[in-house]
Amino acid sequence: KISAVEQDANQMLQKAEQFKREAARDGLTDLYNRKAFDVRLKRALKSLAGTGEQFAVVLFDVNHFKWVNAPFGHVAGDKVLKVIANNLKESFRKNDVIARFGGDEFAVMVMGFNEHKAKERVAGFQKRVSEHRFFSHAQNTNIEISVSAGVAAATKGISANDLLDKADKAMYNEKKGTATPSHINAA
C-alpha cells in the first residue's frame, strides 16, 4: 500500500509541475507568458538591488503585423509569430528570459548585459529575422517582416513599470522609422 500511495503522490507531483509549467507558458510560442515575465522581472530587480547583477529589458514589436493577418490570414500570422519566437530562442541565451508579451509583442530580459551588449544581441536577432523568407503560397508572394526593438538597462531603484515604459518608448521611437510593407497598397 505504501508503494502505491508513493506512486500516486509522485504522479500528482508530476501533474502539478506540468500545470505550473503550462500556466507560465504562451500556448502558441511556448515562450514565457506576460505574467511569468513580470514575476521574473520583479525577482531580477530585487536581485539587482542586492547583488548589483546588471540586466537589460528588450521589448519587440512585429512591424505592421495587422498587414500580415488581414490579407494572409491568422494561420499565416501564427506561423510568423512562431518563427519570431524561434529566432528569439536562437539569438538569446538560455538564461535570458524570453516571453510573448502580448499579441505581436515579445520581451527579453538579457541577464548580465548592459544596454550596449543587449543592443548587439538585438541587432543579431533583427538581422536573422530580416534574412528569413516568409512566403504566402496562397497568394504567391513574399511577406515582408521586420521587428522594432527598444532596450532599457535596469538600474538600482527603478520600478518594473518604469523600466518597461523606458523600453517601450525606445521601441516606438525605432518603430516610427519603419515603412509600410511594399505588398500593401497604402491608400
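Residues in region 71-100 that are of a type in the set (Val, Ile, Thr) and under 17 Å from residue 131 (Cα atoms): 80, 83, 84.
Does residue 99 satisfy the condition of being in contact with a helix residue (DSSP H, G or I) (Cβ under 9 Å, 6 or more places away or on another chain) and closer than 17 Å to residue 26 by Cα? Working first, answer last.
On the way: in contact with a helix residue (DSSP H, G or I) (Cβ under 9 Å, 6 or more places away or on another chain): yes; closer than 17 Å to residue 26 by Cα: yes.
When the stated conditions are applied, residue 99 passes them.
Is it the case, given these coordinates, that residue 34 is among the basic types (Lys, Arg), under 22 Å from residue 151 (Cβ atoms) and touching a residue at least 12 places away in the same chain (Cβ under 8 Å)? Yes; evaluated as a whole, the condition is true for this residue.
Only one of the numbered conditions (1) touching a helix residue (DSSP H, G or I) at 6+ places or on another chain (Cβ under 8 Å); (2) of a type in the set (Gly, Ala, Ser); (3) buried (at least 19 other Cβ atoms within 10 Å of the Cβ) is not met by residue 167, and that is (1). Scoring residue 158 on the criteria (1) touching a helix residue (DSSP H, G or I) at 6+ places or on another chain (Cβ under 8 Å); (2) open to solvent by 50 Å² or more (accessible area, probe 1.4 Å); (3) assigned to a loop (DSSP other than H, G, I, E, B) leaves a single failure, condition (2). Checking each residue in region 156-187 for being at pLDDT 90 or above, basic (Lys, Arg) and over 17 Å from the mean Cα position of the chain (by Cα) picks out only 156.
If the condition is being under 10 Å from the mean Cα position of the chain (by Cα) and β-branched (Val, Ile, Thr), then region 67-103 contributes 84, 97, 98.
Return the total of residues in region 40-67 being farther than 20 Å from residue 86 by Cα and in contact (Cβ under 8 Å) with a residue 12 or more places away in the chain.
Taking region 40-67 as the starting set, the residues that turn out to be farther than 20 Å from residue 86 by Cα are 40-56, 66-67.
Then drop every residue that is not in contact (Cβ under 8 Å) with a residue 12 or more places away in the chain, which leaves 40-42, 44-45, 48-49, 52-56, 67.
Total meeting the criteria: 13.
Of all residues in region 101-127, those being touching a strand residue (DSSP E or B) at 6+ places or on another chain (Cβ under 7 Å) and surrounded by 14 or more Cβ atoms within 10 Å (Cβ to Cβ) number 17.
Is there a residue in region 54-65 that is at positive phi and surrounded by fewer than 12 Cβ atoms within 10 Å (Cβ to Cβ)?
Within region 54-65, the first condition is being at positive phi, and the residues that meet it are 64.
Next, only the ones that are surrounded by fewer than 12 Cβ atoms within 10 Å (Cβ to Cβ) stay: none.
The answer is no, given that none of the residues of region 54-65 is at positive phi and surrounded by fewer than 12 Cβ atoms within 10 Å (Cβ to Cβ).
Is it the case that some residue within region 66-84 is crowded, with 20+ Cβ neighbours inside 10 Å, of a type outside the set (Lys, Arg), at pLDDT 95 or above and more than 19 Å from residue 170 (Cα to Cα)? Yes: region 66-84 contains one or more residues that are crowded, with 20+ Cβ neighbours inside 10 Å, of a type outside the set (Lys, Arg), at pLDDT 95 or above and more than 19 Å from residue 170 (Cα to Cα).
For the condition open to solvent by 70 Å² or more (accessible area, probe 1.4 Å) and either at pLDDT 90 or above or of a type in the set (Gly, Ala, Ser) (or both), what is the one hit in 130, 148? Steps first, answer last, please.
Working: 148 fails: open to solvent by 70 Å² or more (accessible area, probe 1.4 Å).
Sole residue among the options that is open to solvent by 70 Å² or more (accessible area, probe 1.4 Å) and either at pLDDT 90 or above or of a type in the set (Gly, Ala, Ser) (or both): 130.
The values are calculated or read from the model by the stated rules, or taken from the named source; none is laboratory data. The model shown is predicted, which means the values in this text are computed figures rather than measured ones. Because the Cβ atoms are built from the backbone with ideal geometry, glycine has one as well, and the counts that use them run over all protein chains shown. Note: areas computed on protein heavy atoms with side chains; ligands, DNA, RNA excluded. Shrake-Rupley method; radii C 1.70, N 1.55, O 1.52, S 1.80 Å.
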